[in-house]
Structure formats: C-alpha cells, structure tokens
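Worksheet for the structure shown next.
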Amino acid sequence: MGADKTRIIITLCLFLGIFILPWWLLAVLFILGFIKINYYYEGLILALIYDIFYFIERDLFLGLPVFFVSLVIFFIFSESVRKQLRV
Amino acid sequence: MMMVYLSKNNKKNNFKKNGTIFLFFLLLFLLFFFGKLSFLNKPLSFIVKPISNLKTNSSELVSDFFSFLDSKENLLRENKLLKDNLSKNELILINKKLILQENLALKKMLGRTELESNLILANVILKPGLSIYNSLIIDVGLENEIKKGDKVFAGEDIIIGEIEEVFKKSSKVRLYSFPKDKIEVVIGFNKILTIAEGKGDGVFEIRLPQGTNIERGDFVTFPEENLNVLGVVEEIIMNPEDPFETILFKSPVNIFELRWVQIRQE
C-alpha cells in the first residue's frame, strides 16, 4: 500500500475516532500516527477539529485547548522519536 | 563510498517550509482561540448523529444478542427483582410528590413563588467519556432558544451541568464535576453554604470543620435551587489530627450512560 493511501486511511480512521473513541485511546492513536507517518500535518488539523468540537475552558488545563497543544508539542519532537525508533 | 551532503539551498528550503507550516498552525490556533473557527461546529450534528445512532444501535444489538443467550431462570430472577424495585420506587415517588406539594404550598404561604420554567428534552450526541474536557454535546441549540448558562438536568431533579456554547442545532454542556472546577453548594439539613471542588466522573469534594453533623445520604443542592439535587454524600473522611473533615459526594446518575438530558429555560 502506498504511503499516501496509508496517510488517507489513518486520517479517516482518526476523524471517525473523534466521535466514537474515548479521548485517551484517541490520543494514543494520534501519537502512533505521528510516529508512523512522516510530518503528519493532517493529524494536527484533526487535533484542532477535536478541540473545536469539544473544547471548554478548564482551570486544570489553564484554559488552553490541551489536546491540540500537547499534540503540537509531540509533533515537534516526533521526528527525533522517529529517528530513535528508526521508523 | 558516495557521501551525500545537504546543500545550503536545501537546508534553506526546509527551514522556509517548516517556518511556513509553523506560521499556518499558529494562525489556526489564534483563530480558534478567538472563536473564529466556531462556524466549523455547524455541521457537527449532521456528522455525529448517524455515527452515534450506528454506535448505539450496534451496542444494543450486541447486548440483545447476549441477553437472548441468557438462561430463562436468570431472566425470571431478574424480572422479579426489577418488579420489586419498581414497586418500592413507586412508593418513594408518591411520597416525594406529597412532599413537593407541601413544599410548594408552604412557599406560597410565605409569599415565595417559583419561577416559571420550561424543560426541553435533548438527545446526547457526544458523551463526556469522548472528551478530555468532560463536555457533553446535545442536539438542541439556537433553534430551540437554548441560551448560555441554562441548567442541564438528568431526569427532572438531578442537575449535572450548564450550557457553555450554543450553535444552531447543537450545544456544548459544561459538566460541574470536572477536576479542580469549583461551585457554590449547600449541604445537609442545616443547609451549610460552602464550595465544592470537582473530582471527575460525577464526584465532588467538600472540606468543612469537623462537627457539622453531615451524614452519609445527605443531599447537596445549589443555594438557589433547593429541590434540584447535585449529589448525595457518599463518604466522610475524618482525621483526628485535622480540624477539617473531607466530604465526598456523588451525582446520583452515571454521566457516562446518559442518553437524554433536559434543559431548563427560565
């Protein structure tokens, strides 16, 4: 299967997952997506969509859209994680 | 062996590409933060309803299949237990109706009339377990004259949260029990006014000086809404070295199993 096809399928699955999976499982799948796919920008857009749908300001998260922010931070480090895991 | 070096131009291009992407996401984040992307919520109910229906129907199909396999004896036992529970609850309900009538009559005598309110039934399209923010998405919105701040009930009397954001055909509900969220409540027969802190999953915590006579099973309500229950005291933790006691109370409904809620408009 081509890299583009994998990308599209993973993106579709994650999009569907936003509406049916618990947040912790979805976060794990996003992280796996970032590790598996090189520069997975679509993942960041999906994370933003997640926050558009669900975000509510909470003191615990300092009022930040923590799902998107934490995945952006992971995305920044994902390349070095990929290198270490030799994906 | 052939060595491959990145040319200066290549590095420059990569830097430019990454910079552009970073700026793009920063712009998206800022647009989101200032609420300029909320229009994307419009198709939410169209996307979610079929998915959530499919999910509910498939889980019902699976549970129906397993109950079909259950033995007759088990079903008869369960049936008897449910009938017993039903008759007990009917008695409690009658008692409650009498108390409510008495309460309203007393309020009338004291010149305090209840505000007229209107309850709207809503279907839960996205449950709190899906969201890291413990938000609930329901299928009523501006079209049903829902406003920010309207109270959300499970059943008629159990208050669970309030409307946070309203869209055309859907709304976002803020559940009160989220960790670190604080709300003003009254507790016990003496109606002690205090602050409760959310602990997550419908559980709250209150700290009060020891000797306040709070007991297990006492109701916790909002200061202005005496008949709407927020939770029931489940545990009181006392430590002789601590002048305060920790009271844990829990919402009587399981917020993860909610399928319908009611919104009260005043």
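The values are calculated or read from the model by the stated rules, or taken from the named source; none is laboratory data. Keep in mind the model is a prediction, meaning the values are calculated, not measured. Counting neighbours? That spans all protein chains shown, and the Cβs are built from the backbone with ideal geometry, glycine included.
As an exercise: evaluate A:L14 against (1) more than 12 Å from every other protein chain (Cβ to nearest Cβ); (2) surrounded by fewer than 20 Cβ atoms within 10 Å (Cβ to Cβ) and give the number of the one condition it does not meet.
(2)
Looking only at region B:239-266, which residues are part of a loop (DSSP other than H, G, I, E, B) and either crowded, with 16+ Cβ neighbours inside 10 Å or within 17 Å of the chain's Cα centre (by Cα) (or both)?
B:S251, B:P252, B:V253, B:N254, B:L258, B:R259
Please indicate, with yes or no, whether at least one residue in region B:175-197 is within 13 Å of another protein chain (Cβ to nearest Cβ), of a type in the set (K, R), assigned to a strand (DSSP E or B) and crowded, with 19+ Cβ neighbours inside 10 Å.
No, region B:175-197 contains no residue that is within 13 Å of another protein chain (Cβ to nearest Cβ), of a type in the set (K, R), assigned to a strand (DSSP E or B) and crowded, with 19+ Cβ neighbours inside 10 Å.
Looking at A:F30, is it modelled with pLDDT under 90, aromatic (F, W, Y) and on the phi < 0 side of the Ramachandran plot?
In short, no.
Looking at region B:153-165, can you tell me whether even one residue there is assigned to a loop (DSSP other than H, G, I, E, B) and within 11 Å of chain A (Cβ to nearest Cβ)?
no
Of all the residues that make up region B:68-81, how many are surrounded by fewer than 10 Cβ atoms within 10 Å (Cβ to Cβ) and part of a helix (DSSP H, G or I)?
Qualifying residue count for the region: 4.
Among (1) surrounded by 12 or more Cβ atoms within 10 Å (Cβ to Cβ); (2) away from every other protein chain (no Cβ under 13 Å), which single condition is A:L71 missing?
The failed condition is (2).
Based on what the data block shows, is B:V233 in a strand (DSSP E or B) and away from every other protein chain (no Cβ under 14 Å)?
Judged against the criteria, B:V233 is a match.
Looking at (1) modelled with pLDDT of 90 or more; (2) touching a Ser or Thr at 6+ places or on another chain (Cβ under 8 Å); (3) farther than 30 Å from B:I120 by Cβ, find the lone condition where B:T194 falls short.
Only one criterion in (1) modelled with pLDDT of 90 or more; (2) touching a Ser or Thr at 6+ places or on another chain (Cβ under 8 Å); (3) farther than 30 Å from B:I120 by Cβ is unmet by B:T194, namely (2).
Condition check ((1) of a type outside the set (D, E, K, R); (2) within 26 Å of B:N103 (Cβ to Cβ); (3) free of Cβ contacts under 8 Å to residues at least 40 places away in the same chain) across all residues:
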position: B:G217; (1), (2), (3): yes, yes, yes
position: B:E224; (1), (2), (3): no, yes, yes
position: B:V233; (1), (2), (3): yes, yes, no
position: B:S251; (1), (2), (3): yes, yes, no
position: B:L258; (1), (2), (3): yes, no, no
